[in-house]
Amino acid sequence: MSRLDKLGTYYIIITCRNSEDKIKDAIYSLKKQTMQPEHVVVIDDGSKDNTSKILKDIQKEWSKLYVITNHDLGYDIGRIVSNWNKAINLAKKMNFKNTDYHMLSTDDTVYEDHYVEKIIRHMEQNKNLAIVSGTYDDNTYVTPHGAGRLVRNSFFNKCGGIYPEKMGYESAILHMATQYGYTYEILNEARFEHTRELGTNHHFYEFGASMRTLGYNPVFVFGRFCVYFIKGKPIGRMGAIYMLYHYLKYKPKKEGYHSMYDKKFRDYIRSTQKGRMIRIIGKITGW
C-alpha cells in the first residue's frame, strides 16, 4: 500500500483571466503534486489573450482538467466567488467523485511538489481543522491565505456547500468554521510563491470594506490598523491606512455582492472579536 493511500482525497478550483504568461506554470505545479487531485476545474473569466488555447492544450495531456469559459464582461473581483461556485456546481452536475477536501488556487500561484500532501497529512492528524493554507514568506500571519487553502468538505457542506457571494467571502468562511466548532491555521512548512507581485495597484478597498459587511467591531479594526501600521507588514503602512479608510467610508448596499451579512452572523463575529480583545488585554495587564 502506498504512503498516500490512506490520505483524504481532494479537488482543485482555479480562477484566471488573461493569464497566458502564468497559467501554465500554475497548473503544472499542481499536476506535479505528490498527491494528485481527483479533478481540477479552471474558470477562465473572459480572457482575451491566449489563455483559452493554453488551457485546451493542457487538457489534451491531463484528462483531470475541466474548463469553464465565461464571456468577457470586463474585470470584476466580485465574480471570483461566483466562479468558485460555478466550479462546485459543475462537479455536482457531472457527478464527480466526492472528495474529503477542496483546494482554491489562482493563475499566479506556484506550489512546491509536496504542498498538498503536507497540508492534508496535517489536517488528517487534526480533524478539528477546517481550513489550512501554506505560506509564501517568513512573515507571521493569523489566518490562512486565500490562494492555496484547503477546505474540509464535511465542514463546508454544513455551510450549504457553496461560498457566500458577498464581499468578505474569504473571511466569512473562516468565521463559519469557528461558528461550527472548527479551527483554521497556516502550515509554515508548506510553501508556495506568487508569480505576480502582491499588492500591485492595491488600495485594499475590499479589505476594509468587507470588514463593514461582516460587522467587524470598530475597536478590533482600529487595533488591527495599529498593528499593521507599526509593523509595516503584511500590507504595509499605506495598506493599513487604506484599510481603515475604506472601513470608515464604505456604505454597504441592501442586496447583492456589496450587502451586509445577516445580523446573527455579524453579532457572532463581534462577540468573538470582543472575547479576543479581552483575552489580549488580560494577557498584557495580567488580569
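A short reminder: the numbers here are calculations on the coordinates, not readings from a lab. The structure presented is a predicted model; accordingly, all values stated were derived computationally and were not measured. Backbone-built Cβ (ideal geometry, glycine too); neighbour counts: all protein chains shown.
A few points about this structure:
- Lysines whose Cα lies under 18 Å from that of LYS60, excluding same-chain neighbours fewer than 8 positions away: LYS24, LYS31, LYS32
- For the range 24-172, the equivalent ellipsoid derived from the Cα gyration tensor has semi-axes of 23, 19, 17 Å, listed largest first.
- Cα long-axis angle, helix 263-285 against the chain (0 to 90 degrees, to the nearest 10): 60 degrees
- Residue order for TYR136, TYR101, fewest other beta carbons within 10 angstrom first, comes to TYR136, TYR101.
- Among GLY168, GLY78, GLY148, residue whose mean-square fluctuation peaks in a GNM of the chain (springs only between Cα atoms under 10 Å): GLY78
- Cβ crowding within 10 Å, taken as a proxy for footprinting-reagent exposure, orders LEU214, LEU7, LEU55 from fewest neighbours to most as LEU7, LEU214, LEU55.
- Angle between the chain longest axis and helix 79-93 axis [Cα atoms, degrees, rounded to 10]: 50 degrees
- Against the chain, whose longest principal axis comes from its Cα atoms, helix 236-249 is set at around 70 degrees.
- Candidate lysines for bridging to LYS249, where Cα separation is under 22 Å - those fewer than 8 sequence places away on the same chain excluded: LYS166, LYS263
- For the range 152-255, the set of GluC sites (Glu not before Pro) satisfying both a DSSP loop assignment and a count of at most 12 other C-beta atoms within 10 Å is given as GLU197, GLU255.
- The Kirkwood hydrodynamic radius of the range 205-285, based on inverse pair distances between different Cα atoms, is 13.4 Å.
- Cα pair distances exceeding 25 angstrom across the chain, given as percent: 50 percent
- Per-residue Cβ neighbour rank within 10 angstrom, fewest leading, ILE12, ILE241: ILE241, ILE12
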